[in-house]
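K.L.:
I'd like to ask some things about the structure below.
The values are calculated or read from the model by the stated rules, or taken from the named source; none is laboratory data. Values in this document were obtained by computation on a predicted structure and should not be read as measured data. Counting neighbours? That spans all protein chains shown, and the Cβs are built from the backbone with ideal geometry, glycine included.
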Amino acid sequence: MSSPHQALKEYFGHDAFRGGQEAVIDSVLADRSALAVFPTGGGKSLCYQLPAMLLEGLTLVVSPLIALMKDQVDSLVAKGIPVARLDSTLSADEAGNLYRRLENNELKLLYVAPERLANEKFRARLARTPLALLAIDEAHCISEWGHNFRPDYLKLTRFAAELKIPRVLCLTATATPKVAGDICRHFSIQPQDHHQLTFYRPNLNLVVTPITDQDRRQHLLDRLRAAPIQPTIIYTTLQHGAESLASFLKRKGLPVRPYHAGLRPEARSEIQDAFMSGEVPIICATIAFGMGIDKSNIRAIYHYNLPKSLENYTQEIGRAGRDGEKAHCELFACEDDLRTLANFTYGDTPQPDALRAILRILLDQPGEFDISTYELSRSHDIRPLVINTLLTYLELEGFLKATSPFYSTYKVSFARDLDHLLNGFDSNRQTFLRKLFDTAKPGYKWLELNPEEAAAVIGEPKDKIVKAIGYLEDLGDIAVKPSGVRQGYRLLKKPDDLSALTRRMIDLFQRRENSDLQRLQEVVDHALVPSCLYASLLNHFGEEMASCGHCSRCLGDIPPEALPSSSPPGITTDDLALIQDLIKLKQPGLRTPRALARFLCGMTSPATTYSWYLPEGARRKQRLTSHDAYSLLELHPFQSVLEICEAQIIH
């Protein structure tokens with residue numbers, strides 16, 4: 001084993017470590033689990049990439065972002081490091097080659113998404129592989145009370161124990177003391193192995209500007225015109241907000257492009273590349289932009305809308321000034337934004353009766369069963385993330401165990417006619433394949449094959465059918481388009497008291513809602529703090545500072561007692577009549593006051609997105625969201641709308 005300093009020079013071309021890196025690496029090489037809380041751009045990835053080259057065995061890296069995985073893998077491959085990523089973008093041939101390299105112990109690092117570890121077959125492969133280190137990026141996702149909780153992260157503790165991984169390195173750029181304590185508890189990380197760098201960046205000038213909604217556009221335009229054209233990110237809450245603001249700025253002669261998750265992948269990639277190259281210096285974006293962006297000369301970050309948490313805010317301003325030069329970070333603080341942000345939170349909280357129904361379905365299954373979260377989401381009007389969270393808790397409490405995901409349907413196209421394809425097989429296999437393809441539904445170009453239905457018709461195991469499809473695809477005899485992902489589960493036990501379990505789950509989601517709303521209030525409190533903005537921000541992450549001397553508060557800015565806001569428009573008798581018309585449609589997705597309130601506030605849900613209704617005189621069905629009442633009261637606080645809906649439904 002060479003020394004860390006030798007490896008640093010040999011593999012990464014650096015002469016010295018950056019702050020905090022060496023201490024983290026020392027913990028890992030001393031066979032201890034560790035937590036690294038470094039600000040955005042602080043060099044976290046080296047803390048596992050370098051030990052991976054010195055430890056015997058595979059370093060498994062869990063990361064939630066495919067784009068980030070790809071960038072890191074491409075960079076390491078260029079350095080000659082044996083590394084791979086396993087994600088949904090790989091072809092069957094690419095995945096097969098990766099598995100061969102894994103079985104031959106030819107890899108030093110393997111990047112996977114957390115959901116991959118829920119696959120029983122993949123875990124079986126890992127169990128045959130010498131594992132040296134589990135590195136968990138974005139580790140704050142493991143905390144139930146963190147700002148970006150992901151249910152699959154909760155299972156990583158158990159997987160690490162099952163796979164007997166000797167050491168775990170957790171990495172994050174945003175962990176409050178409570179979240180950091182949660183991470184350390186999960187992986188038995190000792191205090192001396194909790195490494196945290198300061199969040200203070202002296203080159204970032206923080207400004208909070210209390211402002212009304214109608215003044216924001218002009219204020220932003222004045223700011224942009226007052227400075228030279230330079231790399232700038234403007235963050236908005238909504239996709240249409242990013243589009244309309246970019247259009248406004250472009251009309252005013254500024255070189256700007258919008259970016260959000262609703263754009264096609266190729267469009268997002270093209271815009272990101274244009275920003276990185278400097279061709280487009282200004283990006284107007286939702287928070288979908290920025291993860292994995294390593295552009296050192298970003299000179300300004302504007303939060304046109306309030307961020308949903310101080311953790312998000314810190315991560316986003318951390319993308320500015322990575323070259324050490326001065327950068328401007330300004331937050332436009334308007335109370336109107338709270339209504340939209342709070343509505344996102346209310347939209348994620350499931351209704352108790354739907355939660356109760358899903359628990360009955362899941363816990364009244366035979367020993368082996370499978371589900372589609374997409375189908376459950378539509379039928380019970382609960383967002384897929386909420387269903388995945390519920391399934392995770394049922395696993396952690398020992399009621400269920402995930403087996404492996406699979407596809408329910410395959411579209412098949414023959415490279416040559418069936419008779420020629422069968423010539424290369426013996427008579428038994430020819431009979432089997434002919435029977436199999438006879439069960440398929442013919443289409444214009446593709447046959448549609450359902451392995452479960454085919455198994456029942458021809459009396460063969462479903463696994464045999466799936467393997468045959470894969471074998472023919474590997475030979476190049478057929479092209480395959482799988483669809484309809486289903487997750488397999490094994491029922492381990494039934495609850496002694498289903499009602500008590502249901503109440504516990506309902507309470508859990510209600511507490512998460514309250515926690516998310518509290519994070520919004522923390523943003524408002526920060527925007528109104530009369531003293532140093534940096535001291536306020538650092539205190540949130542467990543640091544202390546008297547004053548920075550260069551934020552807008554330290555320079556004499558005095559905040560108002562409350563953020564500027566505009567009153568929502570009055571609710572007219574016409575509005576109430578429209579709501580009553582909607583209620584009379586008796587749409588299943590709008591049968592409760594909470595569901596109706598979400599709809600009126602402009603929050604889509606599985607039921608309202610996919611439900612249809614027939615307006616009077618219409619010749620064909622329309623989406624429910626095309627009804628005139630959709631988002632009718634989006635400018636009103638959710639709780640006020642809920643009270644109106646309760647009164648209207650009773651009425």
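K.L.:
Looking at D294, D364, which is the one that is more than 30 Å from Y200 (Cα to Cα) and not in a helix (DSSP H, G or I)?
P.N.:
None of the others qualify; the one that does is D364.
K.L.:
Okay, next question. Could you please let me know if G42 is under 18 Å from R322 (Cβ atoms), in contact with a helix residue (DSSP H, G or I) (Cβ under 9 Å, 6 or more places away or on another chain) and at pLDDT below 95?
P.N.:
yes
K.L.:
At least 3 residues that are crowded, with 23+ Cβ neighbours inside 10 Å and either assigned by TED's automatic domain parsing to the domain that holds Y534 or not small (G, A, S) (or both) in each: list the strands (runs of 3 or more DSSP E) lying fully within segment 167-218 that qualify.
P.N.:
Where strands (runs of 3 or more DSSP E) fall fully within segment 167-218 and carry at least 3 residues being crowded, with 23+ Cβ neighbours inside 10 Å and either assigned by TED's automatic domain parsing to the domain that holds Y534 or not small (G, A, S) (or both), they are 168-172.
K.L.:
Quickly run through segment 367-416 and pick out the residues that are more than 21 Å from L154 (Cα to Cα) and among the hydrophobic types (A, V, I, L, M, F, W, C).
P.N.:
F369, L376, F406, V412, F414, A415
K.L.:
For segment 349-391, enumerate the residues that are surrounded by fewer than 20 Cβ atoms within 10 Å (Cβ to Cβ) and β-branched (V, I, T).
P.N.:
If the condition is that a residue be surrounded by fewer than 20 Cβ atoms within 10 Å (Cβ to Cβ) and β-branched (V, I, T), then I361, I371, T373 are the ones that fit.
K.L.:
Another question, if that's okay. Could we say that R319 is part of a loop (DSSP other than H, G, I, E, B) and within 21 Å of the chain's Cα centre (by Cα) here? If you could, list the steps in order and put the result at the bottom.
P.N.:
Numbers: part of a loop (DSSP other than H, G, I, E, B): yes; within 21 Å of the chain's Cα centre (by Cα): yes.
Judged against the criteria, R319 is a match.
K.L.:
Looking at the structure I just gave you, is A84 without any contact (Cβ under 8 Å) to a residue 60 or more places away in the chain and in the same structural domain as H140 (by TED's automatic domain parsing)?
P.N.:
Numbers: without any contact (Cβ under 8 Å) to a residue 60 or more places away in the chain: yes; in the same structural domain as H140 (by TED's automatic domain parsing): yes.
Yes, satisfied.
K.L.:
Considering segment 31-71 alone, what residues qualify as being closer than 23 Å to S88 by Cβ and among the charged types (D, E, K, R)?
P.N.:
Once the filter is applied, which keeps residues that are closer than 23 Å to S88 by Cβ and among the charged types (D, E, K, R), segment 31-71 yields K70, D71.
K.L.:
Considering only residues that are at pLDDT below 90 and within 19 Å of F406 (Cβ to Cβ), which ones fall in segment 480-518?
P.N.:
Of everything in segment 480-518, those that are at pLDDT below 90 and within 19 Å of F406 (Cβ to Cβ) turn out to be V480, K481, P482, S483, G484, V485, R486, Q487, G488.
K.L.:
Pull up segment 590-611, narrow it to residues that are within 24 Å of H240 (Cα to Cα) and not in a helix (DSSP H, G or I), then point me to the one that is modelled with the highest pLDDT.
P.N.:
C601
K.L.:
Same structure again: Considering only residues that are in a helix (DSSP H, G or I) and touching a helix residue (DSSP H, G or I) at 6+ places or on another chain (Cβ under 9 Å), which ones fall in segment 490-502?
P.N.:
Result: L498, S499, L501, T502.
K.L.:
Continuing with the same structure: Any idea which residue in segment 194-216 is farthest from L331 (Cα to Cα), counting only those that are of a type in the set (D, E, K, R) and either modelled with pLDDT under 95 or touching a helix residue (DSSP H, G or I) at 6+ places or on another chain (Cβ under 6 Å) (or both)?
P.N.:
Among residues in segment 194-216 that are of a type in the set (D, E, K, R) and either modelled with pLDDT under 95 or touching a helix residue (DSSP H, G or I) at 6+ places or on another chain (Cβ under 6 Å) (or both), the one farthest from L331 (Cα to Cα) is R201.
K.L.:
If a residue must be charged (D, E, K, R) and within 13 Å of G57 (Cα to Cα), how many such residues does segment 128-171 contain?
P.N.:
Going residue by residue through segment 128-171, those that are charged (D, E, K, R) are 128, 137-138, 144, 150, 152, 155, 158, 162, 164, 167.
The next check asks that each one be within 13 Å of G57 (Cα to Cα); those that pass are 128, 164, 167.
Within segment 128-171, residues that are charged (D, E, K, R) and within 13 Å of G57 (Cα to Cα) number 3.
K.L.:
Looking only at residues that are at pLDDT 90 or above and not aromatic (F, W, Y) in segment 436-446, which one is surrounded by the most Cβ atoms within 10 Å (Cβ to Cβ)?
P.N.:
Taking the candidates together, the pick is L436.
K.L.:
So, one more: Just a yes or no: is a residue in segment 46-59 under 22 Å from A118 (Cα atoms), out of contact with any Cys (no Cβ under 6 Å at 6 or more places or on another chain), crowded, with 17+ Cβ neighbours inside 10 Å and touching a residue at least 40 places away in the same chain (Cβ under 8 Å)?
P.N.:
Looking for residues that are under 22 Å from A118 (Cα atoms), out of contact with any Cys (no Cβ under 6 Å at 6 or more places or on another chain), crowded, with 17+ Cβ neighbours inside 10 Å and touching a residue at least 40 places away in the same chain (Cβ under 8 Å), one finds at least one in segment 46-59, hence yes.
K.L.:
Return the residues of segment 527-539 that are surrounded by fewer than 20 Cβ atoms within 10 Å (Cβ to Cβ), in contact (Cβ under 8 Å) with a residue 24 or more places away in the chain and either among the hydrophobic types (A, V, I, L, M, F, W, C) or under 22 Å from T198 (Cβ atoms) (or both); say none if nothing qualifies.
P.N.:
L528, V529, L538 - these are the residues of segment 527-539 that are surrounded by fewer than 20 Cβ atoms within 10 Å (Cβ to Cβ), in contact (Cβ under 8 Å) with a residue 24 or more places away in the chain and either among the hydrophobic types (A, V, I, L, M, F, W, C) or under 22 Å from T198 (Cβ atoms) (or both).
K.L.:
Also, quick follow-up: Those residues that are in contact with an Asp or Glu (Cβ under 7 Å, 6 or more places away or on another chain) and of a type outside the set (D, E, K, R), I need them from segment 212-267; list them, please.
P.N.:
Residues satisfying the conditions are Y235, T237, P258.
K.L.:
Where residues in segment 106-129 are crowded, with 19+ Cβ neighbours inside 10 Å and of a type in the set (K, R), which of them is farthest from D463 (Cα to Cα)?
P.N.:
Of everything passing the filter in segment 106-129, K108 is farthest from D463 (Cα to Cα).
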